[in-house]
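A short worksheet on the structure shown next.
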Amino acid sequence: PMHPVVTENIEMLLNIFRKEEVSFHMSGTEAVMCAVQQVRFHTGRPLIAVFKGAYHGWWDGVMQGAGNPRFNFDCIVLKDKCPASLELLKMRASEIAGVLVNPISGMGWGPTVTASLASGGDKVTAGPESFDRFRKWLSQIRETCTASGVPLIFDETWAFQLGPGGAQDFYGVDADIVTIGKAVGGGHAVGVVCGSHRLMERRDPDRPMRVSFVVGTFKGSPMVMGSMNAVLKWVRSSDAAAEFNGMRDRVAAWVEVCNKTFSTEGLPLSVAAYRNMWCICYHQKSVYNFLFHCYLRDAGLQLVWVGTGKALLNIEFSEQDLERLTGMIVSSAKQFKADGWWYEEASTPSLLPLVLGPTLKYHSSHILKMFGLSK
Ligand SMILES: Cc1ncc(COP(=O)(O)O)c(C=O)c1O
């Protein structure tokens with residue numbers, strides 16, 4: 001028998017994510033594995049399409065590039081906001097089991113922020129406009145998937161980062177399957193998949209002996225379900241909506257104050273933010289910009305996601321916390337400047353040969369096989 005909170009959680013999840021069925025898992029990675037297995041099972045097609053740079057957990061079935069030791073033949077990587085990607089989806093629809101989208105990573109500040117972190121430059125477009133562009137792009141993917149009969153999966157493992165209604169509400173675009181994780185467990189390890197009856201069904205309606213085996217000893221464990229219950233109740237409350245909006249307004253005001261301070265102090269930096277996501281943009285070219293986060297750490301600020309250049313603010317950060325944050329960035333930047341890391345004419349080395357060379361060498365036998373050149 002299930003504890004009543006499990007039924008309550010299912011009802012709340014179905015309501016928030018507008019789907020017909022839910023399954024529980026032990027991590028975001030597993031939720032993605034389940035979603036991918038389900039679309040393969042029901043379409044009978046081999047390929048999963050993902051977008052460049054999007055993280056979907058550490059499973060080698062969807063992980064791109066560095067860190068994945070497997071040459072991934074059943075996962076195709078497409079470019080965000082590119083009409084050719086939509087054409088490819090249409091052309092190869094009969095092979096594609098599903099399109100997996102991370103509705104934050106493609107919003108337009110991934111590679112540009114990383115480039116800014118690595119060298120400097122004014123290319124960062126983080127902010128509300130990049131979200132609008134991404135909203136348009138997501139609806140084009142939705143239309144293409146619908147027209148081509150390819151299921152669309154939103155990987156929202158970072159649950160509720162865009163607001164209490166998740167990415168579907170935020171962008172006004174619905175997916176066929178949504179995977180959720182992290183905060184939805186209220187501090188406990190969790191993964192959730194919400195989807196239609198048709199795609200969540202573990203049996204083949206035409207061949208009863210053909211099943212999709214997705215299980216887990218600790219899926220839906222009582223402790224996780226209990227804390228999830230509290231999270232979901234809070235997320236649906238008016239308090240949550242007020243807190244999300246309060247944070248949005250505090251952060252927007254902080255960006256203005258912070259940037260004004262940089263310009264008064266003559267520091268070649270700016271911050272860009274959208275809701276609780278923010279990044280530092282470097283306007284002075286320097287191959288040493290990546291060292292700035294070490295100065296921040298010395299000032300007491302430990303950034304997460306340093307590698308991508310993106311950072312997150314907690315929802316409960318007050319105006320005083322944000323003021324402190326400005327102080328830390330400004331004092332670090334003054335010291336960084338005084339130490340001479342920002343200098344004119346700093347050239348930027350091309351990282352491509354450094355990455356491409358070893359990658360090609362490592363995968364050369366697979367690549368030769370792919371083109372029929374190996375013996
Ligand atoms: C979009 C996305 N998908 C999947 C995962 C993997 O989740 P977990 O770390 O719970 O396995 C993450 C984690 O960062 C994520 O951000």
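Data overview
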{"item": "Residue match in the stretch 344-360 (condition: at pLDDT 70 or above and either outside any helix (DSSP H, G or I) or on the phi > 0 side of the Ramachandran plot (or both))", "result": "no"}
{"item": "Some residue of the stretch 249-260 being free of Cβ contacts under 8 Å to residues at least 60 places away in the same chain, within 30 Å of L325 (Cα to Cα) and touching a helix residue (DSSP H, G or I) at 6+ places or on another chain (Cβ under 6 Å)", "result": "no"}
{"item": "Where W59 falls short, out of the listed (1) in contact (Cβ under 8 Å) with a residue 24 or more places away in the chain; (2) assigned to a loop (DSSP other than H, G, I, E, B); (3) more than 17 Å from the chain's Cα centre (by Cα)", "result": "(3)"}
{"item": "Flag if D169 is surrounded by fewer than 18 Cβ atoms within 10 Å (Cβ to Cβ) and either of a type outside the set (A, V, I, L, M) or at positive phi (or both)", "result": "yes"}
{"item": "Hits in the stretch 131-170 - residues which are within 15 Å of the ligand (Cβ to nearest atom) and of a type in the set (S, T, Y)", "result": "T157"}
{"item": "Within the stretch 70-105, tally of residues that are assigned to a strand (DSSP E or B), away from the ligand (no atom under 16 Å from the Cβ) and either within 28 Å of D132 (Cβ to Cβ) or at pLDDT below 95 (or both)", "result": "3"}
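The values are calculated or read from the model by the stated rules, or taken from the named source; none is laboratory data. A quick note: this is a predicted structure, and the numbers were derived from the prediction, not measured. Note that each Cβ is placed from the backbone with ideal geometry, even for glycine, and that neighbours are counted across all protein chains shown.
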